[in-house]
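J.: Quick one: the structure is below, and I'll ask about it shortly.
The values are calculated or read from the model by the stated rules, or taken from the named source; none is laboratory data. Every value quoted in this text rests on a predicted model; they were computed, and no experiment measured them. Quick reminder, even Gly has a Cβ in these numbers, built from the backbone with ideal geometry, and neighbours come from all protein chains shown.
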Amino acid sequence: MGRLVPKDEMGNYSGRGVVGVALYWWNEILNSEQWQQGFFYSLCACYSLVALVALVQLSRIQMRVPEYGWTTQKIFHLMNFVVNGLRAILFGFYKTVFLLKPKVVAMILLDLPGLLFFSTYTLLVLFWAEIYHQARNLPINKLRPAYFIANGIIYFIQVSIWVYARLSQKLIAVKLAKLFVSVISFFAALGFLIYGGRLFVMLRRFPIESKGRQKKLNEVGAVTGICCMCFLIRCVVVTLSAFDKDADLFVLSHAFLNFVYYMLVEILPCSLVLFILRKLPPRRISDRYHPIQ
């Protein structure tokens, strides 16, 4: 990835027909500042749109049930707004971010939204785990503390890696940071597979005539599949970039790869999950008025 395609003796790109055109197009992308701007600003626009959708949905939920505090649903949409908003700002100022010195500052700015993305979507795993434990009459009092402790440990390790990268100035620190992101992405996918799978199986055992059973079944199955795939793709790609310099996404010359990567691991999953979970909570009926039976 990122290597220029060799030319033949006549100065033409090697290959015939469609292959030759594709190779020429690939080289144009690698060497064109206009293409780079187009891809990075497209990412900025996509992230801005997703952030706006999350903010609008948060506002609709608040207007529907203003008497409730910060529920899991509200926090989930708020964190989606923050993650996508940060990404939009970073890609809007991509030249400044990618060329920041020392390099660890750019690494922090690019890795932090990924950590927040992890916390945002593992919040769904926590929510499903609570539903599953309640349905099975299992204790749930340790689930939320476990979520916060696990996230606290992850952020502490990540900050320690950033500090080590700043002090050591060694390439191994960058590899370590990437491998850590890969590991937590794998465990996030595993969490969705375990609790999403358990909840899916439990819902399938409900009577077919149960109200909303099929809709909830489709919802859990779709979100589980989408989130598993996005975290597994992140895991594989980040692991490859740790050992192959040509696969490194965090450079200006890989604008197209950045576009494809972030579309697959963040923008499309966020968009699909927000669409699937778009249902608003039911309005609370006042105690003073009751619907006619």
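J.: Could you grab me the full set of residues in the stretch 116-150 that are surrounded by fewer than 17 Cβ atoms within 10 Å (Cβ to Cβ) and farther than 30 Å from Arg205 by Cβ?
T.: Phe148, Ile149
J.: Out of curiosity, is Val53 assigned to a helix (DSSP H, G or I), within 20 Å of the chain's Cα centre (by Cα) and surrounded by 17 or more Cβ atoms within 10 Å (Cβ to Cβ)? Please lay out each step first, then the result.
T.: Numbers: assigned to a helix (DSSP H, G or I): yes; within 20 Å of the chain's Cα centre (by Cα): yes; surrounded by 17 or more Cβ atoms within 10 Å (Cβ to Cβ): yes.
Criteria met by Val53.
J.: Hey, another quick one. How many residues are of a type in the set (Lys, Arg) and within 14 Å of Leu264 (Cβ to Cβ) when one looks only at the stretch 222-246? First the steps, then the outcome.
T.: Just the residues of the stretch 222-246 that are of a type in the set (Lys, Arg), to begin with: 234, 245.
If we keep only those that are within 14 Å of Leu264 (Cβ to Cβ) as well, we get 234.
Number of matching residues: 1.
J.: When the residues of the stretch 160-195 are narrowed to those that are among the small types (Gly, Ala, Ser) and at pLDDT 85 or above, which ends up farthest from the chain's Cα centre (by Cα)? It would help to see each step written out before you state the result.
T.: So the first thing to find is which residues in the stretch 160-195 are among the small types (Gly, Ala, Ser), and the list is 160, 165, 168, 173, 177, 182, 185, 188-189, 191.
Those still in the list that are at pLDDT 85 or above too: 160, 165, 177, 182, 185, 188-189, 191.
Numbers: Ser160: 22, Ala165: 24, Ala177: 17, Ser182: 13, Ser185: 10, Ala188: 11, Ala189: 11, Gly191: 15 Å.
Residue satisfying both the conditions and the ranking: Ala165.
J.: Here's a check for you: in the stretch 37-59, which residue that is at pLDDT 95 or above and among the hydroxyl-bearing types (Ser, Thr, Tyr) is farthest from Tyr262 (Cα to Cα)?
T.: Only one residue fits best here, namely Ser48.
J.: Run down Val237, Val273, Val265, Val220 and say which single residue is over 28 Å from Ile108 (Cα atoms), crowded, with 18+ Cβ neighbours inside 10 Å and at pLDDT 75 or above. Don't jump to the end; show me each part of the working.
T.: On the way: Val237 fails: over 28 Å from Ile108 (Cα atoms); Val273 fails: over 28 Å from Ile108 (Cα atoms); Val265 fails: over 28 Å from Ile108 (Cα atoms).
Testing whether each residue is over 28 Å from Ile108 (Cα atoms), crowded, with 18+ Cβ neighbours inside 10 Å and at pLDDT 75 or above leaves just Val220.
J.: Something else about it: When only residues in the stretch 78-90 that are free of Cβ contacts under 8 Å to residues at least 40 places away in the same chain and within 16 Å of Arg278 (Cβ to Cβ) count, which is surrounded by the most Cβ atoms within 10 Å (Cβ to Cβ)?
T.: Phe81
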